[in-house]
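First up is the structure itself, then whatever we jot down about it.
The values are calculated or read from the model by the stated rules, or taken from the named source; none is laboratory data. Keep in mind the model is a prediction, meaning the values are calculated, not measured. Here the Cβ is made from the backbone with ideal geometry for all residues, glycine too, and neighbour counts use every protein chain on show.
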Amino acid sequence: MQRTIYYFSPPYSFVSNGSKLGYALVNQLSEAGFSAYAVCWEPETHKNCLPEKYKKITYEFNDFIHGKIALHKNDIVIYPEIITDNPLQAKNVVRYLLNRPWFLSNQSIQYSDTDLLIAYSKLVDKDLPQMFLFLDERELFTKIREEHTKTQKTVSIYFGKVNLELVKRQRRRLKRLVSHYQKVNIITRNYPPSREETLRTLSQSDLLITFDPLTNLNYEATLLDTPVLLMDDTYKIMSTKFNVPLFGFTDNEEELMAMAEEVQKSYACYCNFITNQNKDLVNSYNFIINHFDKLDKEQNYVKKIATTNKERIKIDFNRFKGTINNISYTNINDSVQLPVKIVIALGASHRNEIIKNKLHRKLIEIKKSIITLQFLKNWLKKIGLYESIKKVIK
């Protein structure tokens, strides 16, 4: 029986490993000889940045809405966890948990009785079947590694998806940590503006201090021989056996010297995993196909999955409520979003730069407001209401 797999994906973005992962997954399945496509739900926002190799295996959501592409009853749709419903109305659904349910969407996933649940990694859920995948970027990392130039003692600080309250509480620790370095770099989701610049910044750093507990950027730093200090270990990274060894990670600053040596094992481990991951991906594909084949043939299996999925909704919520205690995470796209106390802790040079950027942004907002008001005034004059409204306001 021929089954086509569709991965319902956000627009491609170099700053989001989650967005890139779906396209890479589909591409590898396609290269392995399987029928697989990505379906982008916001096509207009990614047409210019989607790599050429992915364009031939990517459809638009509108193609399904307008009937250009039809979903057959045997086809399978994979939804990342931020999609909580079933927009393609697929009969066969895989819930691919790249993150823990509730964490980013703040709502429950609507599992059906037949959905297959798979986790990206053991940090997301160690009890679910795993479909762990690395993007093969050996060429890029080799290029950056060959450019290694650590000329002065440098620390980089990453603010991605952060718990702002925890960030504020860590300000004194952060101030003490950065005082040991000659240069401090701030990295956010949108800065540096390109992927290569971000990786070069990491490569030139002696340490990455990260407030984002589950970003792939942490692992990428170790591929460039830069150890990582976790300021938020909500996911218990240090006590969980990950899908691959995590060399150079610590939440204890007293271990940094040892991590600076250990981290040098990371890149070789990554290359070795990439070499063998196609076999694991084919096994994952066969596992998915087998699940839906069994649903068509074995009634006991159908009942088991239905019961498991109903229980899973409660498990997701209880873990969200208990493990992260309803913590709210915020995307830091720009340094101007940082709390004032953190700006002060980062020192005068960063403080002045951030204040300047905040003032610049505020001036732009004021300018836009003035233009809007002028437009409204002219429009009211044009329709003859300006003078009467002016009298009412007075």
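Remarks
- Hits in the range 86-97 - residues which are closer than 22 Å to SER121 by Cα and charged (D, E, K, R): ARG95
- Qualifying residue in the range 19-41 (condition: in contact with a His (Cβ under 9 Å, 6 or more places away or on another chain), in the same structural domain as ILE313 (by TED's automatic domain parsing), of a type outside the set (D, E, K, R) and assigned to a strand (DSSP E or B)): yes
- In the set LYS279, LYS314, LYS241, LYS265, only one residue is of a type outside the set (Gly, Ala, Ser) and farther than 30 Å from THR142 by Cβ; that residue is LYS314.
- One residue stands out in the range 1-34 among those that are in contact with a Ser or Thr (Cβ under 6 Å, 6 or more places away or on another chain) and within 16 Å of ASN99 (Cβ to Cβ): the one that is modelled with the highest pLDDT, namely GLY22.
- Per the listing SER328, SER369, SER388, SER349, the residue uniquely modelled with pLDDT under 85, of a type in the set (Ser, Thr, Tyr) and not in a helix (DSSP H, G or I) is SER328.
- Residues of the range 128-159 that turn out to be over 19 Å from GLN204 (Cβ atoms) and in contact with a strand residue (DSSP E or B) (Cβ under 8 Å, 6 or more places away or on another chain), as a count: 4
- Checked against the criterion of being of a type outside the set (S, T, N, Q), in the same structural domain as ILE237 (by TED's automatic domain parsing) and either more than 21 Å from SER328 (Cβ to Cβ) or surrounded by fewer than 18 Cβ atoms within 10 Å (Cβ to Cβ) (or both), the candidates LEU166, LEU174, LEU104 yield just one match: LEU166.
- In the range 63-70 there is no residue matching the filter, namely being in contact with a Ser or Thr (Cβ under 9 Å, 6 or more places away or on another chain) and buried (at least 16 other Cβ atoms within 10 Å of the Cβ).
- Failed item, numbered, when ASN333 is tested on (1) outside the structural domain of VAL228 (by TED's automatic domain parsing); (2) surrounded by fewer than 15 Cβ atoms within 10 Å (Cβ to Cβ); (3) assigned to a helix (DSSP H, G or I): (3)
- Against the list (1) under 16 Å from LEU117 (Cα atoms); (2) of a type in the set (Val, Ile, Thr); (3) without any contact (Cβ under 8 Å) to a residue 24 or more places away in the chain, the condition THR275 fails is (1).
- Looking only at the range 119-153, and only at residues there that are β-branched (Val, Ile, Thr) and surrounded by 18 or more Cβ atoms within 10 Å (Cβ to Cβ), the one that is farthest from ILE186 (Cα to Cα): VAL124
- Annotation note: Cβ proximity below 6 Å between a residue of the range 144-173 that is at pLDDT below 85 and a residue that is exposed (fewer than 14 other Cβ atoms within 10 Å of the Cβ) (sequence gap 6+ or interchain) occurs for GLN152/GLN182.
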